[in-house]
Amino acid sequence: MIIQQAALAQGLIGKEKTAQFREGEIFPAKVVKMLPNGMAELSTGTTTMVAKLEVPLQSGERYWFRVTSTNEGVQLQVITSPTAASESIARMAKDLLLQLSLPLTKENKSFVEMMMKAKIPLTKELIIKAGEWLAKAPLTEGLQVIKMMAKLSLPMTKDVFQPLMTAHSPAPLSQLTEELAAKLQQMERPPASAAALTKLLQEWQTPLEKHTTQKIMAKVMERLFLPEKVSASKEAALDLVKSWGIIPETAETIEDALVQIMRQWKGREGVQAEAANQLPSSPKEVPLKEALSPLIQQPMSKEALQKLEQALSTHARAAGKTAIEPLLAEIKTLVDGLKGKDFNNEQLAAIFKTAAKVSVQHGQPKEALRQLAALFNKEAEELIRVVKNETAILHASPLASLSKKEILFQQIVLALENDRPFPLTAKEAHSIIKDTFQLLGVDLEGKLGSNKSVEAELEKMIKPQLLRLLSENIPVHVREPAEQLLGRMNVQPLLSTENGPLQQLIMQVPMNLFGFHTEMTLQWSGKKTEDGKLDSNFCRVLFYLELEHIKETVIDMQVQNRVIQLQVFNGTPGLKAAAAALIPALKTGIEEKGYQLSSVQFKQSQKNKQPALVRAMEAPSYEGVDIRI
């Protein structure tokens, strides 16, 4: 039975899409109505066409057609009878496979039945590929993934199918990284890429390491810079940093040590003179040491003092919220005390101390360690390593054998542990999430597509190192977990879709909440602004969390004209009453960001055993231009 496509009726089609057929494509269409002169109007749901009938069809019935090509042009071949009864789907799928000379395997039949039920177009090539994929994967999950690929108009390729399949794995990202790290360490002759990847995975598994190091260094600097000339605590801190190799062992006092270090600044940086004249608009652009070094090496003048104050103040404003004002006050006191005096050792040490306090109080732990380490002519990794080593020594040593410097370190660590109920500010939590994404390299393709040089960044990202490892000749027991981890990372950009002004972003972040390894899955959907940026005034954000005590938690945050409504889904009894005391602080924090909290509702969560990424995949997306929540 042949239906030759005669024309597209402009008046009938309206705003629907123009028919675009590919040879071999199999699709369902409904006979909308019969027209004069042997014509009929057909509709696929998205496309309307007028065709000349060469075989009789029934108005109101749905048929499956196959696109064929002859000398007369594109033709549609009827391959099934009317599909009125749903129970005939299995028979139709079998008939179709037989017509295409394809084997009646469980995978082929299940796939064709699913596509027919969903009224999704098929091709013979797609059935062959899907059958091969499903033969090597769990059938139910595999069918679900292929349906999602069709729904999102993703390329029907193995490179897309496999990453989406990893989303169905119940194993969290932290478990995947631990398994891969263990396999890498077991390799007898690991390639260079394995060593680099192992280092990055270890860093990823300890996301609080930089925050902990920053806080410990801040306490050590506090003891080290005590105003008393003679103090047991100050002497212990001096011995401690000497043992770390941060200051010269020959220095009798901390002031002597700081002056020796500052004398070494000269000539170590190639941009010092330029940095003095062009102070950074952002403290990340030029380290504080580079801004200060040329200033303290020139004759004292009013202009030099102004630049000194500006450099210190610029960096101080990047500190934590509660630290900014005290730091600015200390900077003013320092500069006032330097007026009318030449730089001597006492003034140099005072400048260093203030600079160290400003650096270690930076709001971003990663930047704080970088700035502080630079002052001591070290790298941030060295500070992290010495703190880690000291902690290991402390745990391995009997209490009675601890020296004074080790007792001081123990006191600092214990004091920080006692602050653990709420050790992270919102800024610190944001920093952890940001650092995690950068370390993962989820946005690798975006960075490579930019005009910026990113070679140095690639060395510090897990994803490019994974790709490098997989290009090597590695054992199967290493390749499999590496592919699993890479697939999980590739899921996020695949599921982040764009439809005109509408955008959906799906991200998954591993988190270490005080020793409890979990991950947060975030689904953002909303409009884009005219300049292509995400519109934070109108959007919806879903958070999927697995917490240590209250277990599975879903937070639905709806934003309408900067007014926020929160719904918390969790089955823990008494959660609403327990959270009541925290809501005023939440409201204040939201208002500080320029938003208003409308309401917070607590609801019983529906039981759903599917992984968070799968639930995000299946969540309905926004439709239309005007978002209504």
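Leaving ligands, DNA and RNA out of it, rank E381, E23 by accessible area with a 1.4 Å probe, largest first. Provide the component values of the computation, followed by the final result.
Working: E381 105, E23 140 Å².
Ranked from most to least accessible, the order is E23, E381.
Calculate, for T46 and T105, the FRET efficiency according to 1/(1 + (r/R0)^6) with r their C-beta to C-beta distance and R0 51 Å; round to the nearest 0.05.
With a Förster radius of 51 Å, E is 0.95.
With r as the distance between the Cβ atoms of D95 and M39 and R0 = 25 Å, compute the FRET efficiency 1/(1 + (r/R0)^6) and round to 0.05.
Given R0 = 25 Å and the Cβ-Cβ separation, E is 0.35.
Considering the alpha-carbon set of region 167-245 alone, what are its Rg and its Dmax in angstrom?
Reported Rg and Dmax, both Å: 20.1, 62.
With bins 10 Å wide starting at 0, give me the P(r) of region 320-399 over every alpha carbon pair, in whole percents.
16, 34, 30, 15, 4, 0
Could you report the accessible area of E255 in Å², rounded to 10, computed with a 1.4 Å probe on the protein chains as they sit in the structure?
The accessible area of E255 comes to roughly 50 Å².
Determine Rg/Rh for region 516-629; Rg is computed over alpha-carbon atoms and Rh is the Kirkwood hydrodynamic estimate from the same atoms.
0.98
Output the pairs from K234/K378; K109/K603; K199/K434; K210/K353 with a Cα-Cα distance over 30 Å in this structure; if there are none, say none.
Check vs 30 Å cut-off fails for K109/K603.
Among M221, M557, what's the order by accessible area (1.4 angstrom probe), most exposed first? Before the final figure, lay out the partial values.
Working: M221 5, M557 45 Å².
Result of the area sort, largest leading: M557, M221.
Report the label-to-label distance for E472 and N344 in nanometres (one decimal), using points 7 Å from each Cα along the Cα→Cβ vector.
Modelled inter-label distance: 5.9 nm.
Once both labels are modelled 7 Å past Cα along the beta-carbon direction, what's the A329-A579 spacing in nm?
It works out to 3.8 nm between the two label points.
How would T44, T212, T198 line up by accessible area, probe 1.4 Å, largest first?
Order by accessible area, largest first: T212, T44, T198.
If I stretch the segment between D239 and L416 completely, what's the gain in nm (0.36 nm per residue apart, minus their alpha carbon distance), one decimal?
Details: separation 177, 0.36 × 177 = 63.72 nm, distance 2.09 nm.
So the extension gain works out to 61.6 nm.
Evaluate the distance, in nm, between pseudo-label points positioned 7 Å from the Cα of R189 and of R562 along their respective Cα→Cβ axes.
Here the modelled spin labels are 6.4 nm apart.
On the first, second and third principal axes, largest extent first, how far apart are the outermost C-alpha atoms of region 22-83 in Å?
Principal-axis extents of region 22-83 (Cα, largest first): 26, 25, 22 Å.
On full extension of the chain, what length is gained from E54 through L534, given 0.36 nm per residue of separation minus the C-alpha to C-alpha distance?
Computed gain between E54 and L534 is 167.6 nm.
List the relative contact order of region 496-618 as a percent without decimals, with contacts defined as Cα pairs under 8 Å and 6+ residues apart.
Dividing the mean separation by the residue count of region 496-618 yields 17 percent.
The values are calculated or read from the model by the stated rules, or taken from the named source; none is laboratory data. Here the structure is a predicted model, which is why all the values come from computation and not from measurement. Every residue, glycine as well, gets a Cβ built from its backbone with ideal geometry; the counts of neighbours run over all protein chains shown. The accessibility values were calculated without ligands, DNA or RNA, using every heavy atom of the protein model including side chains. Shrake-Rupley method; radii C 1.70, N 1.55, O 1.52, S 1.80 Å.
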